[in-house]
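Heads up, the thing below is written out as structure tokens.
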């Protein structure tokens, strides 16, 4: 009888341990930081180009205020548009604010829906100024943590990846041929295709890296659960053996 009671206790402890690790796993994934990023670009002075602000998978974002700062001495704002992953019925605003620190402000409010997929929040078209050269940076910023939230107004933990924009200016180069990005024999269509291919490859690599990180965490949790379970069962067997000897 005592052996049956002890076995039930061991099984109960093991189930409690499994539940504890499951809860830990859920909390761990829930607190992963959402990534906001813009990719690096290389452009010619005088040319227009477009950058996109990406958000990582399943952010559960329902409200946000995000600023992208830029240098008016190197870049001129042209236009912007919202991304396809956003709810069309949401309140979306994108404004260019010229001040001491020029920025493009993205505002989003969707009380009835959440962003659950990887993709573009907004795209911004800039023009590299004719006299610009060298490298200029864009800076992603959330003015207040309370401006980046889920439907229930829970603050979302996040990290940003700020890009650099390299501007090539042939007028200040000693050898124009050395600074030419596209050979004369290369067509615009081929160059565009190559850029899109590189962009797609980078996206796939980023998604694979994120998935690998999640898989590694799951593996660690499973291994920890198995080890704990083995130790618990072993301890139970030892206790049962001692009780049996006493009987």
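Every number here is computed from the coordinates shown, using simple stated rules; none is lab data. Quantities reported herein were computed from a predicted structural model and do not represent experimental measurements. Please note: Cβ atoms are built from the backbone with ideal geometry, for glycine as well, and neighbour counts cover all protein chains shown.
Please give the FRET efficiency for residue 114 paired with residue 39, using the beta carbon to beta carbon distance and R0 = 30 Å, rounded to the nearest 0.05.
Numbers: r = 25 Å, r/R0 = 0.82.
E(calc), rounded to 0.05, equals 0.75.
To the nearest 0.05, how large is the calculated FRET efficiency for residue 159 and residue 127 if R₀ is 25 Å and r is the Cβ-Cβ distance?
Numbers: r = 29 Å, r/R0 = 1.17.
Efficiency, from the Cβ-Cβ distance: 0.30.
Starting from the Cα of residue 166, step 7 Å along the direction of its Cβ; do the same at residue 79; then give the gap between the two resulting points in nm.
2.9 nm
Want the number for residue 50 to residue 147: 0.36 nm per residue separation, take away the alpha-carbon distance, what's left? Numbers along the way, then the final one.
Values: separation 97, 0.36 × 97 = 34.92 nm, distance 2.53 nm.
Computed gain between residue 50 and residue 147 is 32.4 nm.
Once you have a ≥ b ≥ c as the square roots of the Cα gyration tensor eigenvalues for the range 34-181, tell me rounded if a/c is under 1.5, and otherwise prolate or oblate according to whether a/b is larger than b/c.
The shape class here is prolate.
Run the simple label-point estimate for residue 72 and residue 93 please: 7 Å along Cα→C-beta, distance reported in nm.
In this crude label model, residue 72 to residue 93 measures out at 2.0 nm.
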